[in-house]
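Have a look at the structure below, then the notes.
The values are calculated or read from the model by the stated rules, or taken from the named source; none is laboratory data. The shown structure was predicted, so the numbers you read here are calculated from the model rather than taken from an experiment. Cβ placement follows ideal geometry from the backbone for every residue including glycine, while neighbour counts extend to all protein chains displayed. SASA here: full protein model, heavy atoms, side chains in, ligands and nucleic acids out. Shrake-Rupley method; radii C 1.70, N 1.55, O 1.52, S 1.80 Å.
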Amino acid sequence: MGKLMMRTIWLGCAMLALANPASLMAEPIGKERGPLDKFRQFTPHFEFSVPADVSVVRECVVNEIEAAERGRSKPAPKFKSKLSKKGNVSIEKLTWKGKTDSGYTYEEEVTFSSASGWTRVDIDNRFYRLNPETDRFENDVASFHGRCGVALGEAFPAGMPLPLAWVRASDDVKFSAPSPKPVSQVVDCLTVRDEDLGGARISTTFEADHRGAFYAYFITRFDNLGKIRREYYAVKVSPTDTGSLLELVAPDVALGSDDPEALRKENFGAGLIDQCAATGAPTAS
């Protein structure tokens, strides 16, 4: 009877997954990498979903990749395509190889998951631009997303994956700060590449929704314990009429304090909000 019951439960879960394959893509924000988890979810990359046909989104993204290569005086990439399906979700993975000036060969990838009315893109974050005034490369993923992933005024189609840090209640936002800076500048400011925390290193990976909001997730690699963790909070950046709004988001999670001053000192994301907003102290939400 026990085996029969377990088999029934397993089949029920399988049928539920087939009926709603988009649910298979959902993951909580806070997560420690286990042996069966995809390493990609714990490395810097960029994802977005948009209510548009995959053929349109694919053409836009491929054009952006080719334009980026031309901008670096590189030959057009030769793509390899691999097709698969999960329930009613079609999946195409494109890979291509490049070569650095020193001769090192690397491989990059972009995956298009699509169903009726929506497309999701998962791409290596390779969009940077040189700022001649500062002579530094800035994260230009916001411009890329503006060309391929924005559909203002459009609803969220049924089944289209929501951002991991989707805000469902006011308690999800721990505090916020307005900024006169546009979203693109704030995203660049939030970009962290292996910053030393003392005993660990932290990086950011990004997601965006089709209304122009970005979500910065923080990946911590612990030096001595050999583990990788996606933190239980995110920084959301939304466009406003006067610039942008930064919010510390932690759905269904307590961060140990609701005091903005304490969070600014103890929470890495909160400290970045204070730094990147550059408009004074955050306000409690």
Legend entry - FRET efficiency estimate (nearest 0.05) - Cβ-Cβ, Lys82 to Ser102, R0 51 angstrom: 0.95
Legend entry - Formal net charge of residues neighbouring Glu109 (Cβ-Cβ distance under 13 Å; K, R +1; D, E -1): +1
Inset, instruction - Take peptides 84-97, 41-54 and line them up by average Cβ neighbours within 10 Å, highest first, as a rough protection proxy. - result: 41-54, 84-97
Inset, instruction - Indicate the gyration tensor shape class of the chain (rounded, prolate or oblate), computed on the Cα atoms with a ≥ b ≥ c the square roots of the eigenvalues: a/c under 1.5 is rounded; otherwise a/b larger than b/c is prolate and the rest oblate. - result: rounded
Legend entry - Extension gain, Ser90 back to Thr240 (0.36 nm per residue minus Cα-Cα distance, nm): 50.5 nm
Inset, instruction - Find the accessible area per residue for the chain; the probe is 1.4 Å, ligands and nucleic acids are left out, and the unit is Å². - result: 54 Å²
Inset, instruction - Please give the net charge around Arg136, taking every other residue with its beta carbon less than 15 angstrom from that of Arg136, where Lys and Arg add +1 and Asp and Glu add -1. - result: -3
Inset, instruction - For Leu36 and Asn131, compute 0.36 nm times the residue count separating them, minus their Cα-Cα distance, and round to one decimal in nm. - result: 30.2 nm
Legend entry - Spin-label model distance (nm) - Arg72 vs Glu109, 7 Å beyond Cα toward Cβ: 1.9 nm
Inset, instruction - Would you mind putting 194-204, 169-179, 127-137 in packing order, based on average other-beta-carbon counts within 10 Å, highest first? - result: 169-179, 194-204, 127-137
Legend entry - Counted charge near Thr191, where neighbours are those whose Cβ lies closer than 12 Å (Asp, Glu -1; Lys, Arg +1): -3
Inset, instruction - Please label the shape of region 102-155 as rounded, prolate or oblate, based on the square roots a ≥ b ≥ c of the eigenvalues of the alpha-carbon gyration tensor (a/c under 1.5 means rounded; beyond that, a/b larger than b/c means prolate, else oblate). - result: oblate
Legend entry - Mean Cβ count within 10 Å, highest first, over the residues of peptides 253-264, 237-248: 237-248, 253-264
Legend entry - Estimated 222 nm signal from helices in the chain, with DSSP H stretches of n ≥ 4 weighted -39500 (n - 2.57), rounded to 500: -7500 deg cm²/dmol
Legend entry - Antiparallel DSSP beta bridges within the chain, percent to nearest 5: 95 percent
Inset, instruction - Return the Rg/Rh value of region 109-189, two decimal places, where both radii are evaluated on C-alpha atoms and Rh is the Kirkwood radius. - result: 1.01
Inset, instruction - Would you rank Cys189, Cys148 by solvent-accessible area, highest first, keeping every protein chain in place and using a 1.4 Å probe? - result: Cys189, Cys148
Legend entry - Accessible-area order (highest first, 1.4 angstrom probe) of the listed residues Phe222, Phe214: Phe222, Phe214
Inset, instruction - Over region 129-285, with every protein chain in place, what whole percent of the accessible area is carbon and sulfur at 1.4 Å, could you tell me? - result: 48 percent
